[in-house]
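Nothing in this text is a laboratory measurement; each read-out follows from the coordinates by a stated rule. As the structure is a computational prediction, the values presented were derived from the model and not from experiment. Backbone-built Cβ (ideal geometry, glycine too); neighbour counts: all protein chains shown.
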Amino acid sequence: MEDNTFYPTCRYCGKQKLPMANYESQEVADEAATISCDCYDAKNYQYELEKKSEREKNIVKL
């Protein structure tokens with residue numbers, strides 16, 4: 001049995017977190033860490049994701 005434990009790492013600052021879920025890949029784990037990290041670049045990334053989500057919701061409303 002192969003152990004596929006991926007350790008979430010912020011793509012901007014490199015801060016690692018303990019795995020809180022079973023991730024499909026390292027990329028998915030890194031995305032989870034990035035969207036919960038508190039570094040400056042990750043906060044900007046989170047803000048852009050929020051804005052994108054709001055734009056998509058507004059398009060659906062139209």
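At a glance:
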{"quantity": "Residue count, the stretch 21-38 (criterion: in a loop (DSSP other than H, G, I, E, B), in contact (Cβ under 8 Å) with a residue 12 or more places away in the chain, surrounded by fewer than 15 Cβ atoms within 10 Å (Cβ to Cβ) and hydrophobic (A, V, I, L, M, F, W, C))", "calculated": "1"}
{"quantity": "Any hit, the stretch 51-62, residues being without any contact (Cβ under 8 Å) to a residue 40 or more places away in the chain and touching a Cys at 6+ places or on another chain (Cβ under 9 Å)", "calculated": "no"}
